[in-house]
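Asks: Please find one structure pasted underneath; my questions will follow.
The values are calculated or read from the model by the stated rules, or taken from the named source; none is laboratory data. Predicted model only: the values in this text are computed from it and were never measured. Reconstructed Cβ throughout: ideal geometry from the backbone, glycine too, with neighbour counts over all protein chains shown. Heads up: the accessible areas ignore ligands, DNA and RNA and are worked out on the full protein's heavy atoms, side chains in. Shrake-Rupley method; radii C 1.70, N 1.55, O 1.52, S 1.80 Å.
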Amino acid sequence: MSENLKKGIAILYDMEMNNYLMTRAIEKLNYKISGLGYSQKINAPRKESGDYCTVTVGVAGGVIGAVLGLIIGLLSGCLSDSPFFIFDRMGEVIKNILKTMLICAVVGLVLGLIIGLFIDIFEGRAAKREYKESMREYYQQVNDDNNRVALEKQQVNYLVKQRDALKYKLSQSKQILNQFYNRMNIAANYRNLVPIGYMNEFIRLGIATKLEGTDGLYYLVRNELRADQFYHTLEEISGKLDVIIDQNNRMYAELINTNKKVDNLIRITENNARRMNDSFNRIETNTGIAAYNSQRSAEEARFQSFMLACHWM
């Protein structure tokens, strides 16, 4: 009976660990799926209207011309034959200065308008080239993003199928595990990963060989665990492993190793999703999650044979 109990507890622990593996894999697949298939916000380039400096440069040219005309007019008056000429004929001097300023201002304005026009033409062409290039890059980014989204949606479809296959297998395995618990008459409070893990360790080490009694598995596990550790769900254990399980316990190391198996399984599944094509779809059942499900089904069938062959009463 003790050998059958030892093997039976080991089977329960194996089932719990693999249910944990599937639970964690489903969580990770849900996370991967939630981040795929969304368009990236890409802002279209703004068409610059240009600063159009024709008038500005023209006015500036006119002002500069007027200033130069003033200087030229004053110098002309100061360089006359008589030093007192500027005072003797003030009205004529002012008239000449204004005339010179007007002529220079007009010339400066015309030159400024011409220069400003050429600047605007040059800058306008440069702005058009820059806008055209920006639009080309924008359409390329939009096209690349659309292609990425389309590819990721294909990947999502594949990942959803793999996740749903795991969910279905997990549901089956939980039913089978419950049958095993019933078959072995395990008390309801001990039907969980943590207490079963401790029971498996105690019976493996030969510390206990039976369920009941002061030297039985129930009593030892009850003294070893806190009350809350009997009831943690697989999801809670996955999210709070360091808090729930003693890091010095052998089960902690096995759960860490299981997490690595999950990461590897998800990595394989993601790689398969990225390689989506018709030829791949025909062979996908031989890889990743499908292979795991097939292997587990075979293992559970072997476990069932053992459970049915043993008399637990």
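Asks: How far is it, in nm, from the label point at Ala187 to the one at Glu133 when both lie 7 Å from their Cα along the line to the Cβ?
Replies: My value for the distance between the label points is 7.9 nm.
Asks: Over 29 Å between C-alpha atoms is what I'm after, so list which of Lys7/Lys161; Lys174/Lys261; Lys153/Lys174; Lys6/Lys261 land there. Could you put the intermediate results ahead of the total?
Replies: On the way: Lys7/Lys161 34 Å; Lys174/Lys261 20 Å; Lys153/Lys174 31 Å; Lys6/Lys261 25 Å.
Check vs 29 Å cut-off fails for Lys7/Lys161; Lys153/Lys174.
Asks: At 1.4 Å probe size, what's the solvent-accessible area of Ile64? Round to the nearest 10 Å².
Replies: Approximately 100 Å² for this residue.
Asks: Right, something else. Ordering Thr209, Thr23 from largest to smallest accessible area (1.4 angstrom probe), what's the sequence? Please list the in-between numbers first.
Replies: Working: Thr209 90, Thr23 5 Å².
Most to least solvent-accessible, the answer reads Thr209, Thr23.
Asks: Counting other Cβ atoms within 10 Å, which trypsin sites (Lys or Arg not before Pro) in the stretch 223-266 have at most 15 and lie in a DSSP loop? Mind showing how you got there, number by number?
Replies: Working: sites: Arg226, Lys240, Arg250, Lys260, Lys261; in loops: Arg226, Lys240.
Loop-located and lightly packed - Arg226, Lys240.
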